[in-house]
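Written out below as structure tokens is the structure these notes cover.
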Amino acid sequence: MNNRNSAGAIDSHTILYGVFGDPVHHSKSPVMMNAAFREFGINAAYAAFHVKPDRLRDAVCGIRALGFRGVNVTIPHKVEVMNYLDEVDEAASIIGAVNTIVNENGRLTGYNTDGIGYVRSLKTETGCDLRGKRIVVIGAGGAARGVVYALAREGPASIRIANRTRDKAAELAKDMSAFADCSGINMEELSAISDADLLLNTTSVGMHPHKDQVPAANIRYRPGMIVSDLIYNPLETRWLQLAGQAGAIVHRGLGMFIYQGAYAFEYWTGRPAPVEVMREAVMRSLQIPAE
Ligand code: NAP
């Protein structure tokens, strides 16, 4: 089969990919993934599909029927989609969500690349080693589940989780306690913590258009501590700005988005993803000059 097409034109051999979401037309995944395919001259096309919840089952059947090689799944389908796959990878099953589907001759397997994408971004962009580190996570929603699982697999000393809804923090800590020393704490306890090596916001607080909000006040920042935020709109949240001013090392959310896509690209093609090309494509589409 002719799977190379340096001209980038769609033809009868083009391998299809996409993202399913509702809404989906804000997604930067098509720009990012098509740039990656183009970089290697892979004859592939990646599009955004607006799939309503009541059509998700049909859409997944369409992956098999039309022979799509791979699909990303975004909000609100990451949990429900697991019911329609042939297999769910062990990590995705523990996390309870799938964001990447691989089609192997009609057999669909679901993976979760969000958490491992976050950790790869954190390690690549800050150079940190998470073994033996004290981690504090704010938030216990869907993204937190993948991220806490991936962090727990890195051998940290502890992971403390604080969330507005306290019970969700305790539940997430319990679910991940087989992999690391995890505990749920109260939001009020955050201001008393002085020994965190990594402090991470996984809530949506501070996201556009509420850019002036911060997930927690009175944090004891210290030089050398890493402060990280999953939010990438804005690119640098108010919370990260305050942490940077206080001497912390800041880690932004865009890298997680790039690397979750990089893992998906690697699962689908078996090649190392052209991460910098993908990052540049996203930055261009956000109209941010490359750094
Ligand atoms: P989610 O499942 O809806 O969880 C939202 C989290 O934010 C929960 O912990 C929730 O607390 C908390 N929260 C929301 N509003 C709050 C408020 N006013 N005060 C305090 N806490 C509040 O959402 P998600 O999918 O986990 O996404 C969370 C964030 O991560 C979003 O900003 C999203 O853009 C970002 N994200 C980034 C990437 C990336 O690639 N960089 C990937 C996925 C997600 P309760 O449990 O109390 O409601």
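The values are calculated or read from the model by the stated rules, or taken from the named source; none is laboratory data. Please read these numbers as outputs of a predicted model, since none were measured by experiment. All Cβ positions, even for glycine, are placed from backbone atoms using ideal geometry, and neighbour counts span all protein chains on display. Note: areas computed on protein heavy atoms with side chains; ligands, DNA, RNA excluded. Shrake-Rupley method; radii C 1.70, N 1.55, O 1.52, S 1.80 Å.
If you check residue 97 against the conditions, is it more than 16 Å from the chain's Cα centre (by Cα) and closer than 30 Å to residue 200 by Cβ? When the stated conditions are applied, residue 97 does not pass them. Give the residue that is nearest to the ligand (Cβ to nearest atom), with candidates limited to residues of segment 266-291 that are aliphatic (A, V, I, L, M) and assigned to a helix (DSSP H, G or I). Residue satisfying both the conditions and the ranking: 282. Check segment 94-101 and report whether any residue there is of a type in the set (A, V, I, L, M) and in a helix (DSSP H, G or I). Looking through segment 94-101, at least one residue is of a type in the set (A, V, I, L, M) and in a helix (DSSP H, G or I). Can you give me the number of residues within segment 208-259 that are more than 16 Å from the ligand (Cβ to nearest atom) and touching a Lys or Arg at 6+ places or on another chain (Cβ under 9 Å)? Here the count works out to 3.
Would you check if residue 263 is assigned by TED's automatic domain parsing to the domain that holds residue 29, aromatic (Phe, Trp, Tyr) and either under 30 Å from residue 107 (Cα atoms) or near the ligand (Cβ under 9 Å from one of its atoms) (or both)? Yes; evaluated as a whole, the condition is true for this residue.
Go through 152, 144 for me and flag whichever is among the hydrophobic types (A, V, I, L, M, F, W, C), open to solvent by less than 10 Å² (accessible area, probe 1.4 Å) and more than 18 Å from residue 255 (Cα to Cα). Working first, answer last.
Working: 144 fails: more than 18 Å from residue 255 (Cα to Cα).
Criteria check complete, one pass: 152.
When you look at residue 205, is it open to solvent by less than 70 Å² (accessible area, probe 1.4 Å), within 12 Å of the ligand (Cβ to nearest atom) and either more than 19 Å from residue 144 (Cα to Cα) or modelled with pLDDT of 95 or more (or both), yes or no?
Numbers: open to solvent by less than 70 Å² (accessible area, probe 1.4 Å): yes; within 12 Å of the ligand (Cβ to nearest atom): yes; either more than 19 Å from residue 144 (Cα to Cα) or modelled with pLDDT of 95 or more (or both): yes.
Yes.
Taken over segment 217-240, the criterion of being part of a loop (DSSP other than H, G, I, E, B) and touching a Phe, Trp or Tyr at 6+ places or on another chain (Cβ under 8 Å) is satisfied by 230, 232. Only one of the listed residues (213, 241, 245) is surrounded by fewer than 22 Cβ atoms within 10 Å (Cβ to Cβ), at pLDDT below 95 and over 20 Å from the mean Cα position of the chain (by Cα). That residue is 245.
Only one of 131, 160 is open to solvent by 30 Å² or more (accessible area, probe 1.4 Å), under 28 Å from residue 267 (Cα atoms) and either under 21 Å from the mean Cα position of the chain (by Cα) or not assigned by TED's automatic domain parsing to the domain that holds residue 61 (or both); which? Outline the logic, then answer.
Values: 160 fails: under 28 Å from residue 267 (Cα atoms).
Going through 131, 160 in turn, the sole match is 131.
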